[in-house]
Each structure stands twice: as C-alpha cells, then as structure tokens.
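First comes the structure, then the notes that go with it.
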Amino acid sequence: MLKKMISFVLASVLMLTMCGCSRQKEGYVYYLNFKPEADTAWQELARTYTEKTGVPVKVVTAASNTYDDTLSAQLNKSYCPTLFICNNAQGLEDLGNYPYDLSNTALSDQLENYEYCLWGKNGELFGMGFCYEAFGIITNKALLAQAGYSVEDINNFEDLKNIAEDIHARSGELGFDAFTSSGLDSSSSWRFSGHLSNMPLYYELFETDLTTQPPEITGNKLNLYKNIWDLYINNSSTSKTSLTSATGNQAEEEFGSGKAVFFQNGTWEYASLTDPAKYGIAPEDLTMIPIYCGGDYEENAALCCGTENYWVVNSKASQKSIDATLDFLLWVVTSDEGKTMLSKEFGVTPFKDSIPTDNVFFNAEKEYEEQGKHPVQWAFCMTPNTDVWREGVTSALSEYSAGIGTWEAVENAFVSGWRFQYKLEHGTM
C-alpha cells in the first residue's frame, strides 16, 4: 500500500467514522479482491455463503495494477470494504489504524502456524496471510521432450540459455518457440518489474542477510537481470518492439495453446492452465523450474516463495460488519466449499485441516526442498513506493527492448529510482 493512498484516506477518517461504514445498521461483508484470476471463484463462494446464511457478501475485484487506487476510493465511500488485502509490512504501517486486531479470534485459532502474518508494534495480529505462493519458469515438459530435452538437463543459467537458444533457432521446424512474450503492458509488466526484479535484489540484499527495506541499493547484481531479460526477449516469437502492447493474457494463451515451452509466472496459473474449458494441459506435462540467471550457487536454489496476500479486516466498519466478515472468513477456511476453493485456486494455505493441493507447481517446490535446495525469498516486497518504482523500471525496459534506450537507463531506474522513491515514501526529501 502506498502512503499517497493513506494520506488521502486518513484525511477522511473522521468523516468515515461519523457517516461512513459505521452508519450501516446491518452487518455485511464487502471483500476487495486483489487477484483478478480468482474473481470467479470468490464470486461463486460469496453467492454460496449468502444462500446458506442470508448475509450479503459483495466481492469487487480491482483491475491489474489498480488495487491501491481502488482501495483508496472505496474506503472513502459510505458502503466500504470490510475486508481487503495488504501486501507487506510497509503496507501495514502505511494503513495506520485501519487494520482490526485478529488476535484471539476463532479465525486466528484456525492457523496452523503464524509464519505468514503481519504484526503490529504491540503484537497485534493485523494481517493474516491466507496463501503461500511460488513463482518461477513454468515449463511444458511434453514440448521440451519434443525438442530433445528434459527438465533434468536444466540446472543453471547456461543450461537454460543453451536449450532456449536451440529451441528458438529450430522454432520453425518444431512449431513452437522457447519463451512466451515478455509483455510490458500493465497486465503483464508486474511479472518483470516485480517478480523478475526479485532475482538481482535477492542476490544483492540477502547475501548480506538484509531483511528490512534499505534506503538505497547498489545494483551490483543487475547483470543477472540483464542475463535473463535478454534471454526472454531474444528467444520468443514476439517482436521486441511490440512488448509494450503485449498482455498477460497473450502470454498465457501462447503457453496454454502450446506455442512456447517456457512461461515465467506462478503457482496461481495452475487452475487456468489445466482447466479443460480453457487449455486443458495435462498436469503431468507441467512443472516449474527456478529462474536461473547466473547467480552464485544457483544450482542449489529452488523456486521464489512467499506471499503478498494478507487479509486485513477494516476496523472502521461497524462491529456488526466486522463480526460478519470474521464469520465469513471462518467459514471460508473451515467449510468444504471454502477449503476446496482455496486449495484449487491458491494451493498451500496455513490453516488447520486444509485440503492438500494437487497443484504440480507446489509439488515441484516440495521436491526441490527435499533435494536440499533452498527457496528464494521474496526480496521484491521491499521496493519503496512500489507502483511508481515499477513504472520507472518498466519504462526503461520498454525503451531498452525496443532498441531506443540503454541498459544503463534500466540500472538507473533500479538504483536512482529506489533512492528517490525511498526518500519520497519516508518523507526525507
């Protein structure tokens, strides 16, 4: 969450208290959903709960890259969200006194562990992570085999590079290419300005055991970012000059219809890719490999694992609506309907008696860990003024890829952009 959002919203706190959510006489649930790909599932679950209980449940899903602005606008309305998403510890701090303390609730009693929680300064449980995700390079094993390779042949960046370049060179005869399009349209750019940026940030920040947001970065591992980005855009059927208009749906369709072997994305893609009504890829033909980019000891690395999805209950809502929201969430994590949806859409969850996932991407991570490989932590969650910083990186990547900008401009967007946005976010300009 951004401070610009909070400064706007907090200015209206008194008005909200007097004439906003607190005016609602009857309890309701209003969930502002962060993940567009899960919209259908949440809508169906909401309808089921309302049919069973009579409690109105509204689910609104923000469009990609608009969540902060949507939340800002919705919190300022009389009928406002009772449940929304916070992405990280900085976002929790920016939310001020909006989060409701979930400690000692029936909902928190359902947690199997507290690894995926956000805490207040006095130990309050303000954010509850409801899913554990991983991202990497989704791989079609069947297509890879057609090209004469297996996932066992890929253990580092050089392996990936050699195989991808060979597939691209033979794409005409094979009928498919190496990578899907690396779209920089807003529906897709987060995969690269956010998730892919994790690689240089991880190797810079965590090799020094830094776990809090630094005021600046050196960018000394950005050669790794260049390695993998160049590999993506030079071994795809999509022209490098058209990336600004290439969408996330386009990349998914390219992979889902068998036009590419590799697709950088996450565990959340499993349901869509295996859905018979969409692509119907056989689960046994899918796996996920780490994002190899040339980092030190990357042969020992697994997938990038963590969460950006923490439930936050709105303390400014009426107590009836707070209670209704807690009851709804309790039903989600304990009922057959709710647990089935969570397992299908989100895979691994931290709740007791959750349904084991059949998501092969999570199973791939489990196999890596059983081999003694370590998960790659989510360093990208530390970026200051996240949306604005990512916009700068995306713009520089777009120009570089189109041949009208330099790699030095990408490095500047990372390093100078980080320093500037940190000062802006923390009021030290």
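Scanning region 387-396 turns up one or more residues that are within 22 Å of ASP39 (Cβ to Cβ), in the same structural domain as ILE228 (by TED's automatic domain parsing) and in contact (Cβ under 8 Å) with a residue 60 or more places away in the chain.
Checked against (1) among the hydroxyl-bearing types (Ser, Thr, Tyr); (2) more than 28 Å from PHE192 (Cβ to Cβ); (3) not assigned by TED's automatic domain parsing to the domain that holds LEU102, THR383 passes all but condition (2).
If you go through region 101-136 and pick out every residue that is out of contact with any Ser or Thr (no Cβ under 8 Å at 6 or more places or on another chain), small (Gly, Ala, Ser) and farther than 24 Å from GLU269 by Cβ, you end up with 5.
Test SER72 against the stated conditions and say whether it is over 20 Å from TRP311 (Cβ atoms) and either modelled with pLDDT of 95 or more or not charged (D, E, K, R) (or both). Judged against the criteria, SER72 is not a match.
Which members of region 30-65 meet the condition of being in a loop (DSSP other than H, G, I, E, B) and without any contact (Cβ under 8 Å) to a residue 40 or more places away in the chain? Matches in region 30-65: GLY54, PRO56, ALA62, ALA63. Of all residues in region 309-324, those being within 17 Å of LYS58 (Cβ to Cβ) and surrounded by 19 or more Cβ atoms within 10 Å (Cβ to Cβ) number 10.
When each of ASN234, ASN220 is tested for being under 23 Å from ASN385 (Cα atoms), in contact (Cβ under 8 Å) with a residue 12 or more places away in the chain and surrounded by fewer than 17 Cβ atoms within 10 Å (Cβ to Cβ), the lone residue that passes is ASN220.
Residue pairs whose Cβ atoms lie under 8 Å apart, sitting 6 or more positions apart in sequence or on different chains, and linking a residue in region 256-274 that is closer than 23 Å to SER197 by Cβ and at pLDDT below 95 to a partner that is assigned to a strand (DSSP E or B) and among the acidic types (Asp, Glu), are THR267/GLU133; TRP268/GLU133. Being modelled with pLDDT of 90 or more, crowded, with 22+ Cβ neighbours inside 10 Å and either more than 23 Å from the chain's Cα centre (by Cα) or closer than 28 Å to THR287 by Cα (or both) is a property that GLY127 lacks.
Looking at region 68-84, which of its residues are under 14 Å from TYR100 (Cβ atoms) and not aromatic (Phe, Trp, Tyr)? LEU75, CYS80, PRO81, THR82, LEU83, listed by residue number. If you go through region 116-139 and keep only what is touching a Leu at 6+ places or on another chain (Cβ under 8 Å), more than 22 Å from ASN300 (Cα to Cα) and touching a residue at least 60 places away in the same chain (Cβ under 8 Å), you end up with CYS117, LEU118, PHE126, GLY127, MET128, GLY129, PHE130, CYS131. Scanning region 22-47 for residues that are of a type outside the set (Asp, Glu) and over 28 Å from GLY266 (Cα atoms) yields SER22, ARG23, GLN24, LYS25, GLY27, TYR28, VAL29. When THR82, THR50, THR66 are screened for being of a type outside the set (A, V, I, L, M, F, W, C), within 19 Å of TRP331 (Cα to Cα), in the same structural domain as THR334 (by TED's automatic domain parsing) and surrounded by fewer than 19 Cβ atoms within 10 Å (Cβ to Cβ), only THR50 passes. Has region 82-91 got at least one residue that is aliphatic (A, V, I, L, M), touching a strand residue (DSSP E or B) at 6+ places or on another chain (Cβ under 6 Å) and under 30 Å from ASP336 (Cβ atoms)? Yes, some residue in region 82-91 is aliphatic (A, V, I, L, M), touching a strand residue (DSSP E or B) at 6+ places or on another chain (Cβ under 6 Å) and under 30 Å from ASP336 (Cβ atoms). For region 275-310, taking the residues that are farther than 30 Å from THR208 by Cα and outside any loop (DSSP other than H, G, I, E, B), the one that is nearest to the chain's Cα centre (by Cα) is identified as THR287.
The values are calculated or read from the model by the stated rules, or taken from the named source; none is laboratory data. Everything numeric here is computed off the predicted structure, so don't read it as measured data. When we count neighbours, we look across all protein chains shown, and the Cβ atoms used for this are built from the backbone with ideal geometry, even at glycine.
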